[in-house]
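Trainee: For reference, the structure I am asking about is given below.
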Amino acid sequence: MECRKRKRPSESYGHSDKVGDRRSPAGTAFGSKGSSRVQEGVCLPGTSATFSGSGTLVWWPWEPCVTTTTGLLMAVVLAVAQAWCVNAIHENLLWFSQLMEVEREISFRTECGLYYSYYKQMLQAPSIQEGLLEMIHDNLTESRRTINLLQRMNIYQEVFLSVLYRLLPIKTYLEPVYFYIYTVFSLQAVYVIALYLTAWLLSGSWLAGALAGLWYILNRVDTTRVEFTISLRENWSLPFLALQVATITCYLRPQLTSFQQKVMVWLMYVTTFCFCLTWQFNQFILLVQALIIYTLDCVDLLTTTQVTTLYLVQVSGLLSVWLLQFFNSMILGSLVLSFIVAALFVRHCQTDLKVGGLLVRLSKILLHSVLVFLLTFTINYLTKKALQVRSDEHIFKFIKSKFALRPTRDFDASLYLCEEAFGLLPLDTLERLADTLLLYPYVPTLLLLSGTLAVAAFRNLSCSEGGSAEEKKGAAEAFRSDVAYNLLHTLLYGLVAFSTMRMKYIWTGHMCAVAAHGVCSAELWTLLLRTLRCNSRTLLRIVRCAVPLLIVGFLYFKFWPKLMNELSELREFYDPDTVELMTWISTKTPKQAVFAGSMQLLAGIKLCTGRVLTNHPHYEDKDLRDRTRQVYQVYARRSPEEVYGILRAAGADYVVLENSICYERRHRRGCRLRDLLDLANGHIMDGPGENDPDLTPAEHPRFCEAIQTDGAAYTALFSRTFQNKTFHVYRLKKKRRKTPRSPAEPAATP
């Protein structure tokens with residue numbers, strides 16, 4: 001598929017002015033001196049009141065009300081702008097509104113097509129109940145197997161949208177496909193609002209939220225890929241993750257009442273649940289989050305209640321999804337559940353963890369960590385053995401191979417390692433982020449906050465058992481908990497992004513909020529102005545307003561013309577070979593015919609034609625991975641008898657061969673699919689280059705090439721029924737004997 005150019009027609013919620021407590025020790029301006037005094041100018045959520053500097057409750061004057069209203073309106077404007085931009089780019093990229101239905105469906109590439117096919121299947125079902133039964137007892141996705149799709153895959157969002165579309169009176173106004181894509185694009189608006197609120201809560205200024213939203217939109221290449229991978233699970237889940245981070249940030253603020261804390265806990269649970277429900281890799285994201293909570297607990301930046309609550313919210317979200325996914329064993333076997341159980345158990349047993357001097361505390365933390373991680377791996381190993389969990393085995397193979405010192409021949413791990421998306425983060429990403437000025441405030445903010453966090457952690461750990469209560473309280477509040485959480489969040493997910501490029505979308509969005517906090521934070525500017533010996537309330541207010549406005553002005557003049565040019569560039573979908581293939585399958589093959597081929601193509605075949613598949617791109621199943629590796633032998637050096645036996649065992653009636661795979665040039669030698677198969681089979685790879693000494697020459701030619709010669713051994717088992725420049729379709733003969741082609745058999749198309 002390509003997109004070619006088309007010709008144009010003729011034509012803290014409240015704004016705070018607090019400078020910082022001058023009585024605080026140097027470098028500890030990130031927390032107030034005493035917990036009983038609430039920060040000046042901080043808004044009580046849900047009320048129209050604020051605290052004065054002396055702690056007296058006073059009613060808002062009109063100015064803060066206007067400021068807050070303006071901030072909320074700006075959040076809505078930026079959110080709508082993001083949703084409109086991605087929709088316009090999607091339309092301009094494909095000319096989506098003018099495409100035929102089959103072309104629209106083909107545009108849902110690879111696994112996106114598989115997920116969208118279930119939305120389409122639910123809408124085509126006679127009733128909602130029958131549609132759900134088809135999902136629970138599906139025998140179309142994998143031939144000769146009946147699987148529970150709601151258990152295996154994270155497709156509740158497709159089910160929910162299909163039910164909603166059936167119930168709402170919008171069928172005459174909105175096509176099903178537009179209802180689907182508009183919903184996904186609307187989640188981008190939610191994402192922007194979540195980042196906006198996070199930056200606002202951290203800095204106390206809505207200008208930080210506006211700057212975070214603007215950076216997210218301008219860095220679209222590195223913050224999202226929703227416009228061309230609409231159905232991808234991360235496009236559903238990351239907005240909920242951003243909302244969860246915003247609710248955690250609000251929960252960790254010190255001025256919340258008991259009722260407000262309970263509301264935040266429920267919001268954290270709902271957002272965590274939605275995040276886990278919409279992405280199968282939720283456990284790995286939550287594991288990093290659990291490590292953040294664990295680290296903050298070790299250095300006394302979270303209270304025992306906060307730590308326990310955050311852990312239990314994660315557990316509750318995962319177990320709720322476990323119930324909805326019909327007791328999916330992959331969730332119970334997740335590392336994050338094992339880690340949380342181990343951390344809570346060891347913490348309960350090691351009651352004296354937070355007493356003693358610096359060296360004693362460090363020794364206890366080291367021992368505590370060793371016990372937690374040992375218990376984590378023990379619980380996880382026993383759980384997986386008991387439940388026979390092997391669904392996520394390929395992910396750990398990938399991680400192990402990625403950081404190993406020698407290459408691997410494991411087929412599943414190599415499939416990931418050879419894809420650019422799973423490689424290291426390219427340096428040109430940092431160049432693009434610097435071009436929008438995002439990187440320049442982000443790095444100093446990161447360094448300054450990290451240094452201050454280290455000082456605060458050192459002081460917390462240095463508080464001896466005999467220290468006064470005032471010293472302990474002052475040390476504990478030397479660094480705000482919400483800032484500490486977001487700092488570690490951006491640090492750890494930044495490391496994940498640098499190690500695996502696909503994970504950058506988790507990091508870059510939050511990066512916008514952290515950088516905006518650095519630009520608008522009263523505490524950071526106070527620290528800088530004190531260093532320059534020119535600290536004053538008036539200067540602080542001027543700087544906090546002038547700097548973000550200058551950045552916004554620069555971004556407007558530099559990127560507005562580029563954005564308008566991008567939005568005006570018109571292209572169109574063009575993939576005639578795939579359209580021809582899908583049309584032929586729909587009209588010339590039985591509805592119950594079983595197709596074998598590449599995972600990516602078969603997802604499109606299911607969406608466009610509804611035919612039965614042998615394999616598909618949702619790789620989180622051990623049996624499916626084994627079958628995929630077997631079906632891919634059509635691109636290896638195997639005899640026709642072996643390939644025929646493999647395909648027959650999978651129940652295939654037709655096999656689709658792609659020239660783009662058989663003669664692949666996109667990947668380097670050693671990463672082409674045929675090379676991965678040769679290595680897994682112990683055969684020497686094609687082309688010039690070195691081979692491992694234990695590899696041997698294959699006894700047979702490459703199947704996908706040899707079958708096109710129409711040799712007797714191949715025509716006895718396979719008959720060509722369709723071909724064009726890209727695809728060759730062969731029907732498996734029922735009996736392994738030479739027979740003339742049936743007159744009713746469709747002739748091969750040129």
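Trainee: Limited to segment 104-149, what total is found for residues that are under 24 Å from residue 574 (Cα atoms), modelled with pLDDT of 95 or more and either among the aliphatic types (A, V, I, L, M) or open to solvent by 20 Å² or more (accessible area, probe 1.4 Å) (or both)?
Mentor: Number satisfying all stated conditions: 4.
Trainee: Here's a check for you: in segment 481-516, which residue that is of a type in the set (Phe, Trp, Tyr) and within 16 Å of the chain's Cα centre (by Cα) is most open to solvent (accessible area, probe 1.4 Å)?
Mentor: The qualifying residue most open to solvent (accessible area, probe 1.4 Å) is 498.
Trainee: I'm checking my understanding of the structure. Among residues of segment 367-384 that are aliphatic (A, V, I, L, M) and modelled with pLDDT of 95 or more, which one is farthest from residue 349 (Cα to Cα)?
Mentor: 382
Trainee: Can you tell me which residues in segment 112-161 are of a type in the set (Phe, Trp, Tyr) and touching a Pro at 6+ places or on another chain (Cβ under 8 Å)?
Mentor: Hit for segment 112-161 is 119, nothing else.
Let's see how each residue does on (1) assigned to a loop (DSSP other than H, G, I, E, B); (2) among the aliphatic types (A, V, I, L, M); (3) modelled with pLDDT of 95 or more; (4) farther than 20 Å from residue 391 by Cβ:
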| residue | (1), (2), (3), (4) |
| --- | --- |
| 271 | no, no, yes, yes |
| 291 | no, yes, yes, yes |
| 300 | yes, no, no, yes |
| 312 | no, yes, yes, yes |
| 317 | no, no, yes, no |
| 320 | no, no, yes, no |
| 348 | no, no, no, yes |
| 365 | no, yes, no, yes |
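Trainee: Specify the residue that is farthest from the chain's Cα centre (by Cα); the eligible residues are those in segment 391-403 that are surrounded by 16 or more Cβ atoms within 10 Å (Cβ to Cβ) and not in a helix (DSSP H, G or I).
Mentor: Filtering segment 391-403 for residues that are surrounded by 16 or more Cβ atoms within 10 Å (Cβ to Cβ) and not in a helix (DSSP H, G or I), the one farthest from the chain's Cα centre (by Cα) comes out as 391.
Trainee: On to the next question. When only residues in segment 657-697 that are aliphatic (A, V, I, L, M) and within 28 Å of residue 613 (Cβ to Cβ) count, which is most open to solvent (accessible area, probe 1.4 Å)?
Mentor: If we take residues in segment 657-697 being aliphatic (A, V, I, L, M) and within 28 Å of residue 613 (Cβ to Cβ), then 680 is most open to solvent (accessible area, probe 1.4 Å).
Quick grid of which residues meet (1) open to solvent by less than 50 Å² (accessible area, probe 1.4 Å); (2) among the aromatic types (Phe, Trp, Tyr):
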residue: 326; (1), (2): no, yes
residue: 329; (1), (2): yes, no
residue: 338; (1), (2): yes, no
residue: 348; (1), (2): no, no
residue: 356; (1), (2): yes, no
residue: 364; (1), (2): yes, no
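Trainee: Can we say residue 368 is of a type outside the set (Val, Ile, Thr), open to solvent by less than 40 Å² (accessible area, probe 1.4 Å) and over 25 Å from the mean Cα position of the chain (by Cα)?
Mentor: Considered against the rule, which asks whether it is of a type outside the set (Val, Ile, Thr), open to solvent by less than 40 Å² (accessible area, probe 1.4 Å) and over 25 Å from the mean Cα position of the chain (by Cα), residue 368 comes out as yes.
Trainee: Of the residues 619, 635, 654, which single one is closer than 29 Å to residue 102 by Cα and either surrounded by fewer than 16 Cβ atoms within 10 Å (Cβ to Cβ) or in contact with a Cys (Cβ under 9 Å, 6 or more places away or on another chain) (or both)?
Mentor: Only one candidate passes the filter, namely 635.
Trainee: Kindly list, by first and then second residue, each pair from a residue in segment 249-262 that is buried (at least 17 other Cβ atoms within 10 Å of the Cβ) to a residue that is part of a loop (DSSP other than H, G, I, E, B) and aromatic (Phe, Trp, Tyr), limited to pairs with Cβ atoms under 9 Å and residues at least 6 apart or on different chains.
Mentor: 250/13
Trainee: Hey, another quick one. Which residue pairs have Cβ atoms under 6 Å apart, sit 6 or more places apart or on different chains, and have a first residue in segment 574-595 that is within 21 Å of residue 634 (Cβ to Cβ) and at pLDDT 95 or above and a second that is hydrophobic (A, V, I, L, M, F, W, C) and in a helix (DSSP H, G or I)?
Mentor: Cβ pairs passing all conditions: 578/106; 582/102; 582/608; 595/605.
Trainee: Can you tell me which residues in segment 84-103 are open to solvent by 20 Å² or more (accessible area, probe 1.4 Å), out of contact with any strand residue (DSSP E or B) (no Cβ under 6 Å at 6 or more places or on another chain), in a helix (DSSP H, G or I) and within 24 Å of residue 585 (Cβ to Cβ)?
Mentor: Result: 98, 101, 102.
So that you can scan it fast, the table gives a plain yes or no per residue for (1) assigned to a loop (DSSP other than H, G, I, E, B); (2) open to solvent by 70 Å² or more (accessible area, probe 1.4 Å); (3) farther than 30 Å from residue 331 by Cβ; (4) modelled with pLDDT under 90:
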site: 434; (1), (2), (3), (4): no, no, yes, no
site: 437; (1), (2), (3), (4): yes, no, yes, no
site: 443; (1), (2), (3), (4): no, no, yes, no
site: 447; (1), (2), (3), (4): no, yes, yes, no
site: 450; (1), (2), (3), (4): no, no, yes, no
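Trainee: Next question. For segment 202-224, check the following and say yes or no: at least one residue is among the acidic types (Asp, Glu), outside any loop (DSSP other than H, G, I, E, B) and open to solvent by less than 30 Å² (accessible area, probe 1.4 Å).
Mentor: yes
Trainee: While we're here: Identify the residue in segment 286-312 that is β-branched (Val, Ile, Thr) and open to solvent by less than 10 Å² (accessible area, probe 1.4 Å) and, among all such residues, is nearest to the chain's Cα centre (by Cα). Spell out the reasoning first.
Mentor: Step one: filter segment 286-312 for residues β-branched (Val, Ile, Thr), giving 288, 292-293, 295, 299, 303-305, 307-309.
Pick out the ones that are also open to solvent by less than 10 Å² (accessible area, probe 1.4 Å) and you get 292-293, 307.
On the way: 292: 18, 293: 20, 307: 25 Å.
Ranking the qualifying residues of segment 286-312, first place goes to 292.
Trainee: Now for a different question. Working only within segment 545-573, note down all residues that are buried (at least 17 other Cβ atoms within 10 Å of the Cβ) and farther than 17 Å from residue 215 by Cβ.
Mentor: Result: 572, 573.
Trainee: So which of 198, 172 is more than 20 Å from the chain's Cα centre (by Cα) and either farther than 24 Å from residue 88 by Cβ or open to solvent by 40 Å² or more (accessible area, probe 1.4 Å) (or both)? Break it down into steps so the answer makes sense when it comes.
Mentor: On the way: 198 fails: more than 20 Å from the chain's Cα centre (by Cα).
None of the others qualify; the one that does is 172.
Trainee: Scan segment 684-722 residue by residue and report those that are touching a strand residue (DSSP E or B) at 6+ places or on another chain (Cβ under 8 Å) and not in a loop (DSSP other than H, G, I, E, B).
Mentor: Filtering segment 684-722 down to residues touching a strand residue (DSSP E or B) at 6+ places or on another chain (Cβ under 8 Å) leaves 684, 695-698, 704, 707-708, 710, 717-722.
If the condition is that a residue be touching a strand residue (DSSP E or B) at 6+ places or on another chain (Cβ under 8 Å) and not in a loop (DSSP other than H, G, I, E, B), then 696, 704, 707, 708, 718, 719, 720, 721, 722 are the ones that fit.
The values are calculated or read from the model by the stated rules, or taken from the named source; none is laboratory data. Predicted, not measured: the structure shown is a model, and the values here were computed from it. All Cβ positions, even for glycine, are placed from backbone atoms using ideal geometry, and neighbour counts span all protein chains on display. With ligands, DNA and RNA removed, areas are computed over all heavy atoms of the protein, side chains included. Shrake-Rupley method; radii C 1.70, N 1.55, O 1.52, S 1.80 Å.
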